[in-house]
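The structure appears right after this line, and notes come after that.
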Amino acid sequence: MRRFSLSLAFFIFLVILIVLIRLIIYPPLPALATSLASPEIRFAIVLSLVTSTVSTAICVALAIPASYALARYNFPLKKLVNLVLTIPLALPPLVAGIALLIFFGTTAWGKALDSLGFAVVFTPLGIVVAEVFVNLPYMIRILKSSYAAINPRYENVAKTLGCTDTGAFLQVTLPLARPGLIAGTTITWAKSMGEFGAVLMLAGATTMRTETLPIALYLNLSTGDLDLAVAASVILILISLAALFVVEHFSDEAHVF
Amino acid sequence: MALHVESVAKTLGDFSLRDISFDVKTGEYFVILGPTGAGKTIVLETIAGIHAPDTGRICWDGEDITRSEPRARNIGVVYQDYMLFPHLTVEDNIGFGLRQWRIERSTIHTSVEEIANLLDIRNLLPRFPGTLSGGEQQRVALARALILKPRVLLLDEPMNALDTATRERMRKELSRIHRLTGTTVIQITHHFEDVFMLADRIAIMKNGTIVQVGEPSEVFWHPIDTFVAEFLGIGNLIKGVARRSGSLTKITAEGKVTILAASETEGPVVATLHAEDVIVSKAPFTSSARNCLPGTVIDLVPSRSTIKIIIDVGFPLVALLTRESCRELGISQNSNVYATFKASAVHVIPVNGE
């Protein structure tokens, strides 16, 4: 048993390593460098960084209070709210994307936003909207379990010592939820960097306009420009590794899943 | 009268407090006793303002504070697991309350040192709570509450998490702090031992309601019902039927044994008798004591310095002897002995449909 399971684990380890390394070394090194420096990839890097950072910031700002409500308070329809908040987790991003496209593209709501200058469909703004929609449930889930693990009596004591409800939250609960907050933010950001399906549906795949790294990978692959596609994926691999490192580092304290 | 709790009721999930009423005088050490799950902590949290009562009211010196926020009450809380903020040093934990009131840093520092000296924890100030022992954490939690000079200090099972030696020291410490600061204290515990040294008055809780309030000796000698008597560990609970007999009451217990009690109760009763009030002898014991029952020793249960002797006198009667007198009397299993006790040592509780 020991020998069998060990060799199987080692085999899987090798397969993953070989597949990834083969991808990175597919183009000769100078070609990879040239691709990474090309205007298209540079544009994709910047666009991905900006949209991911903005959408992560929005997720954090919404999840900090929302997940607190789910962790601490009882309210009518709490179970239903929890369930609906979990749906996007299980939904294929493509489906989430098309739902967003229908909502923003065909409803009065979407059109009103459009006329106000906030065009969402097939724009960089759409990238942010798609990323928030898909990743917010992750952020809420992680933060919620972080809060739930903190004894509410800390807040009770803080209140008897002179804190308002908000004061107790900001001075005690939020600092104690820090590991979960860091892990959640990192996962949300890394997932945003790699988000493809929902972005493709809502923001489209327009070269040098809504071209994030995954979209760049897809566009260049479909036009046969493998070197550029590989360049985009190399960056995505590095981002995944960095995120994994951060999460591993904090996962002892954070209740991530 | 300082704290006045009147007909407070509160439902939290499956649990509910019903008709909680008691008064605590200024400077008093008040202890709420009850088994785990009686709702003692919820009572404390309601006094502190964490839970708003569904009905009833809480007053301080005549002022209704039922709806005021915890921070406006100036009531300190120390939980049994201390709840020291793990991300702050001991110094910042103790100074936490003063910081909320925007007091100058240097003033806070001075106050923290002062209270730390009082509790002998000055050397702990730069450390984090995670590195402290249970006793140390408890003193830090006390300092954090006391620094605001609270009008009431609420202690939630303060001895529970401590080992026996530390517990003894803490009991003395609490007594000293209470004398020194004059703070009104309400402590909850399920440990009867905690009470005698500290409490001015006690309340007994059961299933979300208070069943008896009084001075410890009063409650101990005159438990209002069998629950209180059993909870307080009073040795003997004798079921029987009481009938007047002159100035006394004659109780017919199991096995047709009759005992005399100084009471006027009649009908079905439970009589309580403390094990230490039973005198054991080999020959009939002549004294003013009105009860002298012959019996056979069925069991001897040694505990620290005493031996609990269970005598079959028609029903099992528990007596307490020191190891020495047990040896001197030569009592062993199946010894024939006499159990003697005064009529005034028997406390009679009427049983109404219980």
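The values are calculated or read from the model by the stated rules, or taken from the named source; none is laboratory data. Quantities reported herein were computed from a predicted structural model and do not represent experimental measurements. Quick reminder, even Gly has a Cβ in these numbers, built from the backbone with ideal geometry, and neighbours come from all protein chains shown.
Of the residues B:A262, B:A242, only one is among the aliphatic types (A, V, I, L, M) and out of contact with any Asp or Glu (no Cβ under 8 Å at 6 or more places or on another chain); which?
On the way: B:A242 fails: out of contact with any Asp or Glu (no Cβ under 8 Å at 6 or more places or on another chain).
On inspection, the qualifying residue turns out to be B:A262.
Only one of B:L237, B:L162 is at pLDDT below 90 and under 19 Å from B:P35 (Cβ atoms). Can you tell me which?
Answer to the selection: B:L237.
Looking at B:P35, B:P53, B:P86, which is the one that is part of a loop (DSSP other than H, G, I, E, B), more than 14 Å from B:L154 (Cα to Cα) and either within 9 Å of chain A (Cβ to nearest Cβ) or basic (K, R) (or both)? Even if it seems obvious, please write down each step before you answer.
Numbers: B:P35 fails: either within 9 Å of chain A (Cβ to nearest Cβ) or basic (K, R) (or both); B:P53 fails: either within 9 Å of chain A (Cβ to nearest Cβ) or basic (K, R) (or both).
B:P86 is the lone residue from the list that is part of a loop (DSSP other than H, G, I, E, B), more than 14 Å from B:L154 (Cα to Cα) and either within 9 Å of chain A (Cβ to nearest Cβ) or basic (K, R) (or both).
Conditions first: (1) more than 14 Å from every other protein chain (Cβ to nearest Cβ); (2) surrounded by 23 or more Cβ atoms within 10 Å (Cβ to Cβ); (3) of a type outside the set (D, E, K, R). A:A177 passes all but one, so which condition is the exception?
(1)
Testing B:T66 on (1) within 22 Å of B:A161 (Cβ to Cβ); (2) among the polar types (S, T, N, Q); (3) within 30 Å of the chain's Cα centre (by Cα), one condition comes back false. Which one is that?
All conditions are met except number (1).
Answer yes or no: is there a residue in the stretch B:324-345 that is under 21 Å from B:L248 (Cα atoms), touching a Phe, Trp or Tyr at 6+ places or on another chain (Cβ under 6 Å) and not in a loop (DSSP other than H, G, I, E, B).
Here is the first cut: in the stretch B:324-345, the ones under 21 Å from B:L248 (Cα atoms) are B:339-345.
Adding the requirement that they be touching a Phe, Trp or Tyr at 6+ places or on another chain (Cβ under 6 Å) leaves B:340.
Within this subset, residues satisfying the condition of being not in a loop (DSSP other than H, G, I, E, B) are B:340.
Yes, there is a match, as at least one residue in the stretch B:324-345 is under 21 Å from B:L248 (Cα atoms), touching a Phe, Trp or Tyr at 6+ places or on another chain (Cβ under 6 Å) and not in a loop (DSSP other than H, G, I, E, B).
For the stretch A:158-167, check the following and say yes or no: at least one residue is in contact (Cβ under 8 Å) with a residue 12 or more places away in the chain and either in contact with an Asp or Glu (Cβ under 8 Å, 6 or more places away or on another chain) or surrounded by fewer than 22 Cβ atoms within 10 Å (Cβ to Cβ) (or both). It would help to see each step written out before you state the result.
Keep residues of the stretch A:158-167 that are in contact (Cβ under 8 Å) with a residue 12 or more places away in the chain, which gives A:158.
Then drop every residue that is not either in contact with an Asp or Glu (Cβ under 8 Å, 6 or more places away or on another chain) or surrounded by fewer than 22 Cβ atoms within 10 Å (Cβ to Cβ) (or both), which leaves none.
No, the conditions are met nowhere in the stretch A:158-167.
Kindly indicate the residue of the stretch B:89-104 that is in a helix (DSSP H, G or I) and among the acidic types (D, E) and also farthest from the other protein chains (Cβ to nearest Cβ) among those meeting that condition.
Step one: filter the stretch B:89-104 for residues in a helix (DSSP H, G or I), giving B:90-100.
Now narrow it down to the ones that are among the acidic types (D, E): B:91-92.
Working: B:E91: 15, B:D92: 10 Å.
The qualifying residue farthest from the other protein chains (Cβ to nearest Cβ) is B:E91.
Name the single residue, out of those in the stretch A:210-234 being touching a Ser or Thr at 6+ places or on another chain (Cβ under 8 Å) and farther than 24 Å from A:V121 by Cα, that is surrounded by the fewest Cβ atoms within 10 Å (Cβ to Cβ).
A:D227
Residue check: is A:S48 over 16 Å from A:I237 (Cα atoms) and assigned to a helix (DSSP H, G or I)? Let's see the steps before the verdict.
Values: over 16 Å from A:I237 (Cα atoms): no; assigned to a helix (DSSP H, G or I): yes.
Spelling it out, it is not the case that A:S48 is over 16 Å from A:I237 (Cα atoms) and assigned to a helix (DSSP H, G or I).
Only one of (1) of a type in the set (A, V, I, L, M, F, W, C); (2) modelled with pLDDT under 90; (3) closer than 19 Å to A:S38 by Cβ; (4) not in a helix (DSSP H, G or I) fails for A:M208. Which number is that?
(2)
If I ask for residues that are in contact (Cβ under 8 Å) with a residue 12 or more places away in the chain and in a helix (DSSP H, G or I), which ones from the stretch A:13-33 would you list?
Applying the first criterion (in contact (Cβ under 8 Å) with a residue 12 or more places away in the chain) to the stretch A:13-33 yields A:20, A:23-24, A:26-27, A:31-32.
Correct list: A:L20, A:L23, A:I24, A:A31, A:L32.
Conditions (1) within 30 Å of A:R42 (Cα to Cα); (2) over 15 Å from the mean Cα position of the chain (by Cα), marked per residue:
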{"residue": "A:M139", "(1), (2)": "yes, no"}
{"residue": "A:I142", "(1), (2)": "no, no"}
{"residue": "A:A148", "(1), (2)": "no, yes"}
{"residue": "A:E155", "(1), (2)": "no, yes"}
{"residue": "A:I182", "(1), (2)": "yes, no"}
{"residue": "A:G197", "(1), (2)": "yes, no"}
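Among what's in the stretch B:38-50 and is part of a loop (DSSP other than H, G, I, E, B) and more than 18 Å from the chain's Cα centre (by Cα), pick the residue that is nearest to the other protein chains (Cβ to nearest Cβ).
First, pick out the residues of the stretch B:38-50 that are part of a loop (DSSP other than H, G, I, E, B): B:38-39, B:49-50.
From the residues that got through so far, the ones that are more than 18 Å from the chain's Cα centre (by Cα) too are B:49-50.
Numbers: B:G49: 7, B:I50: 5 Å.
Going through the qualifying residues, I end up with B:I50.
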